[in-house]
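Sharing a structure, written as structure tokens. Questions coming.
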Amino acid sequence: MWVINNTSAQPLTFLLTGIPGLRAAQIWVSIPVCLLYAIALSGNSMILFVVLREQSLHEPMYYFLSMLSATDLSLSLCTLSTTLGVFWFEAREINLNACIAQMFFLHGFTFMESGVLLAMAFDRFVAICDPLRYTTILTNARIAQIGMSMLTRNVAVMLPVVLFVKRLSFCSSTVLSHSYCYHVDLIQLSCTDNRINSILGLFALFSTTGFDCPCILLSYVLIIRSVLSIASIEGRQKAFNTCISHISAVAIFYIPLISLSLVHRYGHSAPPFVHTIMANIFLLIPPVLNPIIYSVKTKQIQKAVIKVLIQKRLQI
């Protein structure tokens, strides 16, 4: 066994993996994957466009939705080139610096999405539990502060992770398990002691999604308590309906995330393609489904999208 120190002059190269055991069928698998990427990119771009364009959507709820769409768009773009490169052209090589950069943005935007979902939960909490102060609490300046604080948090937790990955040395095996660079996958290839990396990775996870998820649950406990105090059944249904889109977005983000983490840590006996499929589901399902959910369940977004599409058709 030979060891590669990443401080040497020779650049270290890793090999990305498509779908283990299904290499011959990768070109066919790439068709639905490419379609999902196209839906994610076009759907989130459309949401961003209509929120920026339509004056009626310049409200806190839709500002947070635009943050979610921007995060989903960025998350899709992080892995688009390497995933389609592996599936279409067998372009499997990626150097250490590019791998670390992709890992930084991939995990950073994942944590960002978790933070945006927490901000949206706070938005729904204020709208239902304290509606009279909604506009005074969620001002444009405060929304901008929330966005900047989430961005700062993600950079702060990811920088130590990246710096300690740079210090690792790697063995002769440099084959990654996915078509993109994932932190746990990368550090497992190290020859040197990676306990600090594992601790930093867990700290980053628990200080972001591990903090956000209980806070989202707490906000909904308070929301449910407030809704149940509403006398009329019609009023309760109306209040709950404003939360359905957000609850769906939380579910399609956290369920694949938790499933992927469990598969990585405890599913060692599972076939390799299970890990790959779970990883791709985790990355693609939220960016694909979020625009669809909000377009179907939110009438204002639905009307704005239809209006834009009609205007474009008239111009043609």
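The values are calculated or read from the model by the stated rules, or taken from the named source; none is laboratory data. The structure displayed is predicted, hence computed values, not measured ones. Ideal geometry is used to build each Cβ from the backbone, glycine not excepted, and the neighbour counts take in all protein chains shown. Side chains included, ligands, DNA and RNA excluded: accessible areas come from the protein's heavy atoms. Shrake-Rupley method; radii C 1.70, N 1.55, O 1.52, S 1.80 Å.
Sketch the reach of a paramagnetic label on Leu15 as a point 7 Å from Cα along Cα-to-Cβ, and name the residues of region 166-196 whose backbone nitrogen lies under 11 Å away.
173-176
Just reorder Ile255, Ile281, Ile19 by solvent-accessible area, largest first, 1.4 Å probe, all chains present.
The residues order as Ile255, Ile281, Ile19, largest area first.
While we're looking at this one, here's another question. Which distance in nm do the two modelled labels at Ser198 and Gln302 give, with both placed 7 Å along the Cα-to-Cβ direction?
It works out to 5.0 nm between the two label points.
On to the next question. Would you work out if region 174-316 is rounded, prolate or oblate? Take a ≥ b ≥ c from the square roots of the eigenvalues of the alpha-carbon gyration tensor; rounded if a/c is under 1.5, else prolate when a/b is larger than b/c, oblate otherwise.
Judged from the Cα gyration tensor, region 174-316 comes out oblate (a/c at least 1.5, b/c at or above a/b).
How much of the accessible area of the chain, probe 1.4 Å, is carbon plus sulfur, in whole percent?
69
What number comes out for accessible area per residue over region 23-305 if the probe is 1.4 Å? Units Å², please.
For region 23-305, the per-residue accessible area is 48 Å².
Per the Kirkwood formula on distinct C-alpha pairs, the Rh of region 37-149 is how many angstrom?
About 15.9 Å for region 37-149.
Tell me what the chain gives for mean residue ellipticity at 222 nm when only DSSP H runs of n ≥ 4 count, each as -39,500 (n - 2.57), the sum divided by the residue total, rounded to 500 deg cm²/dmol.
Values: 11 runs with 238 residues, N = 316.
Using -39500 (n - 2.57) per qualifying helix, the result is -26000 deg cm²/dmol.
Another question, if that's okay. For the chain, list the cysteines whose Cβ sits under 4.7 Å from no other cysteine Cβ?
Cys34, Cys78, Cys129, Cys213, Cys215, Cys243
Provide the net charge surrounding Thr242, with neighbours chosen by a C-beta distance below 13 Å and charges set as Lys +1, Arg +1, Asp -1, Glu -1.
In short, +3.
What shape does region 128-233 take by its C-alpha gyration tensor, where a ≥ b ≥ c are the square roots of the eigenvalues and a/c under 1.5 counts as rounded, a/b above b/c as prolate, and the rest as oblate? Can you show the working numbers first?
Numbers: a/c = 3.90, a/b = 2.51, b/c = 1.56.
Prolate, because a/c is 1.5 or more and a/b exceeds b/c.
While we're looking at this one, here's another question. How far apart, in nm, are two points set 7 Å out from the Cα along the Cα-to-Cβ line at Leu309 and at Val221?
4.1
OK, next. Across the Cα atoms of the chain, what radius of gyration and what greatest pairwise Cα-Cα distance (Dmax) are found, in Å?
21.4, 72
Can I ask one more? For region 149-205 and region 39-89, what is the separation of their C-alpha centers, rounded to whole Å?
26
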